[in-house]
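*Asks:* This is the structure I have questions about; it appears just below.
The values are calculated or read from the model by the stated rules, or taken from the named source; none is laboratory data. What you see is a predicted model, and the numbers here were worked out from it, not measured in a lab. Because the Cβ atoms are built from the backbone with ideal geometry, glycine has one as well, and the counts that use them run over all protein chains shown.
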Amino acid sequence: MNPEELLYAKTHEWVHVAVDASGSKMVTVGLSSFALEALTDLVFLDLPDVGRPVEAEEPLGEIESVKAVSDIYSPVDGEIVEVNAELIDKLESLAGDPYGIGWLVKIKVTGESGLAALMDYPTYKKQCEEEAEH
């Protein structure tokens, strides 16, 4: 996926929105390259179970590097419908291709409010530049 065509949460998750055959909104969620570069050497990834309900801005999993443990936040209200479990044993894939094979979860959206809070790429890029200065 092209990073410039995605939406972003202030907590550095990227979001790709699609509509499935039934008309439901589905989002694919991953971590941005900015977040992964900040974390550096990844050692552990914890993802939620399929079927688990999630809420916007609430943790859905964790990622751990040699530096720190960070929560992964859900950008929307919904239900986990798919998890990229292969990443757990291939953390290098996450950093190597965060916008492709590095996706983390797919969520069936049940509430629109989280989508409204997401940023487009230029706005997210500006946030990253400001964070890098501090």
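*Asks:* Given (1) modelled with pLDDT under 95; (2) in contact with a helix residue (DSSP H, G or I) (Cβ under 8 Å, 6 or more places away or on another chain); (3) not hydroxyl-bearing (Ser, Thr, Tyr), identify the lone condition not met by Ala35.
*Replies:* (2)
*Asks:* Which of the residues spanning segment 49-80 are among the charged types (D, E, K, R) and touching a strand residue (DSSP E or B) at 6+ places or on another chain (Cβ under 8 Å)? Reasoning before the result, please.
*Replies:* Filtering segment 49-80 for residues among the charged types (D, E, K, R) gives 49, 52, 55, 57-58, 62, 64, 67, 71, 77, 79.
If the condition is that a residue be among the charged types (D, E, K, R) and touching a strand residue (DSSP E or B) at 6+ places or on another chain (Cβ under 8 Å), then Asp49, Arg52, Glu55, Glu57, Glu58, Glu62, Glu64, Asp71, Asp77, Glu79 are the ones that fit.
*Asks:* I'd like the full set of residues that are on the phi < 0 side of the Ramachandran plot and either more than 12 Å from the chain's Cα centre (by Cα) or part of a loop (DSSP other than H, G, I, E, B) (or both), limited to segment 4-16. Step through it out loud before you land on a result.
*Replies:* Here is the first cut: in segment 4-16, the residues on the phi < 0 side of the Ramachandran plot are 4-11, 13-16.
Result: Glu4, Glu5, Leu6, Ala9, Lys10, Thr11.
*Asks:* Can you go through Gly114, Gly102 and tell me which one is in contact (Cβ under 8 Å) with a residue 40 or more places away in the chain, buried (at least 19 other Cβ atoms within 10 Å of the Cβ) and in contact with a helix residue (DSSP H, G or I) (Cβ under 6 Å, 6 or more places away or on another chain)?
*Replies:* Numbers: Gly114 fails: in contact with a helix residue (DSSP H, G or I) (Cβ under 6 Å, 6 or more places away or on another chain).
Checking each option against the conditions leaves just Gly102.
*Asks:* Let me ask something else about it. Looking at (1) over 21 Å from Leu115 (Cβ atoms); (2) part of a loop (DSSP other than H, G, I, E, B); (3) out of contact with any Leu (no Cβ under 8 Å at 6 or more places or on another chain); (4) not aromatic (Phe, Trp, Tyr), which is the only condition Glu86 fails?
*Replies:* Just one mismatch for Glu86, condition (2).
*Asks:* From the list Asp46, Asp41, pick out the single residue that is touching a strand residue (DSSP E or B) at 6+ places or on another chain (Cβ under 6 Å), charged (D, E, K, R) and closer than 26 Å to Lys126 by Cα. Lay out the reasoning, then the answer.
*Replies:* Values: Asp46 fails: closer than 26 Å to Lys126 by Cα.
The unique qualifying residue is Asp41.
*Asks:* While we're looking at this one, here's another question. Do you know which of the residues in segment 89-112 that are part of a strand (DSSP E or B) and of a type in the set (Lys, Arg) is nearest to Ser32 (Cα to Cα)?
*Replies:* Start the filter on segment 89-112 by keeping residues that are part of a strand (DSSP E or B), which leaves 105-111.
Remaining after also requiring of a type in the set (Lys, Arg): 106, 108.
Values: Lys106: 16, Lys108: 21 Å.
Applying the filter and picking the extreme gives Lys106.
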